[in-house]
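Presented below is the structure to which this report refers.
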There are 2 protein chains.
Amino acid sequence: MGNSRVSLRWVAQQAGVSPATVSRVSRGSATVSPELRERVLRIIEESGYRPNHLGRALAETRHGALGLVFPGLSGPYFSELLQGFEEEVQESGDSMFLLASHSHSETDTRVIDLAGRVDGLAILAGTVSDAALEQVARQVRLVVMCARERGAHTTVTMDNTTFGALARHLLVEHGYRRLAFVGNPDGSPDVTSRWEAFLGAHREAGVVPPAEPVRVGLQQSDGIIAAQQILDGGQRPDAVMCANDETALGLVLNALGRGLRVPDDLAVTGFDDMDMAAMVRPGLTTVRQPIRELATTTARLLADGEPRVTRHITLPTRLVLRESCGCRPAAAGPSDN
Amino acid sequence: MGNSRVSLRWVAQQAGVSPATVSRVSRGSATVSPELRERVLRIIEESGYRPNHLGRALAETRHGALGLVFPGLSGPYFSELLQGFEEEVQESGDSMFLLASHSHSETDTRVIDLAGRVDGLAILAGTVSDAALEQVARQVRLVVMCARERGAHTTVTMDNTTFGALARHLLVEHGYRRLAFVGNPDGSPDVTSRWEAFLGAHREAGVVPPAEPVRVGLQQSDGIIAAQQILDGGQRPDAVMCANDETALGLVLNALGRGLRVPDDLAVTGFDDMDMAAMVRPGLTTVRQPIRELATTTARLLADGEPRVTRHITLPTRLVLRESCGCRPAAAGPSDN
DNA sequence: TTGTAGGCGTTATCAT
DNA sequence: ATGATAACGCCTACAA
């Protein structure tokens, strides 16, 4: 019944055996006679004994837990990341600590503290200082996600160059001349890379890019804010490239609300290829990135990876051309959708 | 530098004091002479000593961690929940375990296991079996969120009756006669309550409700699916009440895409009052519920609450009338927004 | 004020 | 196959 105070030792006494035997039984160790095993299992069953995690962890010097650290952002991106990570953590029978960084200042110390409670830590690049990363790496396994540089720590990263390919598509194939970029390059390493790819594509194409990005966050509501900034102003661009699908959707929603047509009056693109991108009309042109795989790969590295070898993994992304960029609708019934 | 192998005992030897003294210093206990304190602190500093969490926790029989358990859903609702909980957990210097239930079957055992690693557990109603809840409650503090009944466990709940008030508003003030309900009453206790409130309002008003809800999930993409089901069919309703803002937004997006006008051709309402609700046009009529407060209240109860007294807290919600239900736009400049 | 010793609940290494 | 016994790293009476 109540298992509050039953300890291994107590079970041992009840069964008239040594603590060691109970430990063996409790863990399914083979070296115990069927007779004793039976006796011990009965007591365990009746008493509702469950081995104490702290005691076990202390003896095994292993926490049985991994940690995930990221900025306190919302949206499908993080949901996906979280679920992927958790799924993989469960697979190996571990538990998952979550640390969402709000106040950037306190995060460093909290992360270092967290490092003392886990076997490995996954940290989204840009969330903590390099010094803190160093600290963490000395204590536990560390994987940095979405880092911009292949440093001394193991990293798992998305291929952001496809964003440049998308920019070229708009510039070259569609011949757009005035593009806008929605996203804050200082906000996250990924956005930095995308802004640079955006700039690079312009350079190649010999088109002069906007002087500044439209600096907003990554939520859908930020897309609306961006829309207001872009569409209330004077001359509106031919196309706007958003740093992710969320903001693109917000932007489309607002544009539609104004009676603008997408892509005729304004082309819009995103990044992620989340569910909504395919369901909205016009279909959202975007770049597909395997967020879940990012998470599972990271978790697996943390659980299985050689502790001392640093690896660098880049996950592939790919262009997904739909209608919002100005491409013709793909085959399929013309009506419904 | 490296602090991998420095233990309290080691520090004690280096400083030429007893382990007890180091322990006292390490925890800021007052009963130690300035001289020794200084000496010990120096060694701690130099060696980068950090007390081992497992050792400390085992000795204090306290994990310094709380757990949050919910179904693996995405969307702003859970982001908010998560952040609120985490914020409060940090406040008390604890850490946060997260358990997202994917396969409903395994969840029970995982939750019970998790109960052995925390001082308290917050569980969203409907995620685990009652038997598991019972088990958990015997081991640690437990708060059930959004439960439909005030049972033996402490609960924190939202007032879902306001959904009925909203239904009355549509039925009585606007005189709509054909309403639709979007959401799966079997999916979560909250949706169950809202569907019942929906039915209740119809009964009161003497209007015959739809035989069945439009059973979809709670994501934005589900709103699109619902829209297809509702709008592709024969006679379309006057108004559709969605179980949350996400689906309402998806529905609006699709309706707009078809060239329908909201609310003229179709009124739409949501639940939550998330950021987007106020930013979209037409503004989304909805019910505001304090999700963050739900989370912080729960966490605080877990951290501070009397272990043995079960409380039942209901958080207030309130009607937010905007334009999507057919109400006139509130005061303010008529143009931009 | 400081140190000693026992305990927190397991696991693991030895003997037996 | 089983059982002492010593870790694991820390806290905390109790004693000095």
Completion exercise
From the option list B:Phe78, B:Phe85, single residue qualifying as under 14 Å from the mean Cα position of the chain (by Cα), modelled with pLDDT of 95 or more and under 28 Å from A:Tyr77 (Cα atoms) is B:Phe85
Problem - Single residue of segment B:17-26 satisfying the filter (more than 14 Å from chain A (Cβ to nearest Cβ) and in contact (Cβ under 8 Å) with a residue 12 or more places away in the chain) that is farthest from DNA strand D (Cβ to nearest atom) - result: B:Val17
Problem - Hits in segment A:10-27 - residues which are more than 10 Å from DNA strand C (Cβ to nearest atom), in a loop (DSSP other than H, G, I, E, B) and surrounded by fewer than 18 Cβ atoms within 10 Å (Cβ to Cβ) - result: A:Gly16
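Residue-wise test of (1) in contact with a Leu (Cβ under 9 Å, 6 or more places away or on another chain); (2) of a type outside the set (Val, Ile, Thr); (3) within 30 Å of A:Arg322 (Cβ to Cβ).
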position: A:Leu121; (1), (2), (3): yes, yes, no
position: A:Gln139; (1), (2), (3): yes, yes, no
position: A:Met158; (1), (2), (3): yes, yes, yes
position: A:Leu170; (1), (2), (3): yes, yes, yes
position: A:His174; (1), (2), (3): no, yes, yes
Practice task
Go through B:Arg62, B:Arg50, B:Arg39 for me and flag whichever is in contact (Cβ under 8 Å) with a residue 24 or more places away in the chain, among the charged types (D, E, K, R) and more than 16 Å from DNA strand D (Cβ to nearest atom).
Solution key: B:Arg39
Exercise for the section: Identify, from the list B:Ser95, B:Ser7, the residue that is of a type in the set (Gly, Ala, Ser), crowded, with 18+ Cβ neighbours inside 10 Å and under 25 Å from A:Ala131 (Cα atoms). Expected result: B:Ser95
Completion exercise
Pairs returned, first residue in segment B:73-89 that is among the acidic types (Asp, Glu), second residue that is modelled with pLDDT of 90 or more and not in a helix (DSSP H, G or I), beta-carbon separation under 7 angstrom, 6 or more apart or interchain, are B:Glu86/A:Leu98; B:Glu86/A:Ala100; B:Glu86/B:Met96
Exercise for the section: May I ask you to list the residues in segment A:217-231 that are buried (at least 24 other Cβ atoms within 10 Å of the Cβ) and more than 11 Å from chain B (Cβ to nearest Cβ)? Expected result: A:Leu218, A:Ala226
Exercise for the section: Determine which member of the set B:Arg261, B:Arg308 is free of Cβ contacts under 8 Å to residues at least 24 places away in the same chain, more than 23 Å from the chain's Cα centre (by Cα) and under 30 Å from B:Ser95 (Cα atoms). Expected result: B:Arg308
Exercise for the section: May I ask you to verify whether A:Glu80 is in contact with a helix residue (DSSP H, G or I) (Cβ under 7 Å, 6 or more places away or on another chain), away from chain B (no Cβ under 11 Å) and under 26 Å from A:Ala299 (Cα atoms)? Expected result: no
Completion exercise
Of the residues in segment A:40-50, those that are crowded, with 18+ Cβ neighbours inside 10 Å and within 8 Å of DNA strand C (Cβ to nearest atom) number 1
Exercise for the section: Determine whether segment A:126-137 contains at least one residue that is in the same structural domain as A:Ala100 (by TED's automatic domain parsing), assigned to a strand (DSSP E or B) and crowded, with 21+ Cβ neighbours inside 10 Å. Expected result: no
Fill in the blank from the handout: Pairs returned, first residue in segment B:171-192 that is assigned to a loop (DSSP other than H, G, I, E, B), second residue that is at pLDDT below 95, beta-carbon separation under 8 angstrom, 6 or more apart or interchain, are B:Arg178/B:Gln235; B:Ser188/B:Pro71; B:Ser188/B:Gly126
Completion exercise
Those residues of segment A:83-114 which are charged (D, E, K, R) and either under 23 Å from B:Thr109 (Cα atoms) or facing chain B (nearest Cβ under 9 Å) (or both) amount to A:Glu86, A:Glu87, A:Glu88, A:Glu91, A:Asp94, A:Glu106, A:Arg110, A:Asp113
Handout entry: Pick from segment A:207-216, criterion touching a strand residue (DSSP E or B) at 6+ places or on another chain (Cβ under 8 Å), part of a loop (DSSP other than H, G, I, E, B) and within 26 Å of B:Asp275 (Cα to Cα), ranking: nearest to the other protein chains (Cβ to nearest Cβ)
Key = A:Val216
Practice task
Taking A:Leu54 as the residue in question, decide whether it is more than 12 Å from DNA strand C (Cβ to nearest atom) and either within 38 Å of the chain's Cα centre (by Cα) or aliphatic (A, V, I, L, M) (or both).
Solution key: no
Practice task
Quick one: in segment A:115-148, of everything that is free of Cβ contacts under 8 Å to residues at least 24 places away in the same chain and hydrophobic (A, V, I, L, M, F, W, C), which residue is farthest from the other protein chains (Cβ to nearest Cβ)?
Solution key: A:Val144
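Just a yes or no: is a residue in segment A:60-71 in contact with a helix residue (DSSP H, G or I) (Cβ under 9 Å, 6 or more places away or on another chain), more than 28 Å from B:Phe85 (Cα to Cα) and within 12 Å of another protein chain (Cβ to nearest Cβ)?
Yes, because at least one residue in segment A:60-71 is in contact with a helix residue (DSSP H, G or I) (Cβ under 9 Å, 6 or more places away or on another chain), more than 28 Å from B:Phe85 (Cα to Cα) and within 12 Å of another protein chain (Cβ to nearest Cβ).
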Problem - Filter pass, A:Glu204 being more than 27 Å from B:Leu249 (Cα to Cα), away from every other protein chain (no Cβ under 14 Å) and crowded, with 16+ Cβ neighbours inside 10 Å - result: no
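Residue-wise test of (1) more than 16 Å from B:Gly72 (Cα to Cα); (2) within 18 Å of the chain's Cα centre (by Cα).
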{"site": "B:Ala180", "(1), (2)": "yes, no"}
{"site": "B:Gly187", "(1), (2)": "no, yes"}
{"site": "B:Thr192", "(1), (2)": "yes, yes"}
{"site": "B:Trp195", "(1), (2)": "yes, no"}
{"site": "B:Gly200", "(1), (2)": "yes, no"}
{"site": "B:Arg203", "(1), (2)": "yes, no"}
{"site": "B:Pro209", "(1), (2)": "yes, no"}
{"site": "B:Arg215", "(1), (2)": "yes, no"}
{"site": "B:Gln219", "(1), (2)": "no, yes"}
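The values are calculated or read from the model by the stated rules, or taken from the named source; none is laboratory data. Not measured: the values here are computed from a predicted model. Please note: Cβ atoms are built from the backbone with ideal geometry, for glycine as well, and neighbour counts cover all protein chains shown.
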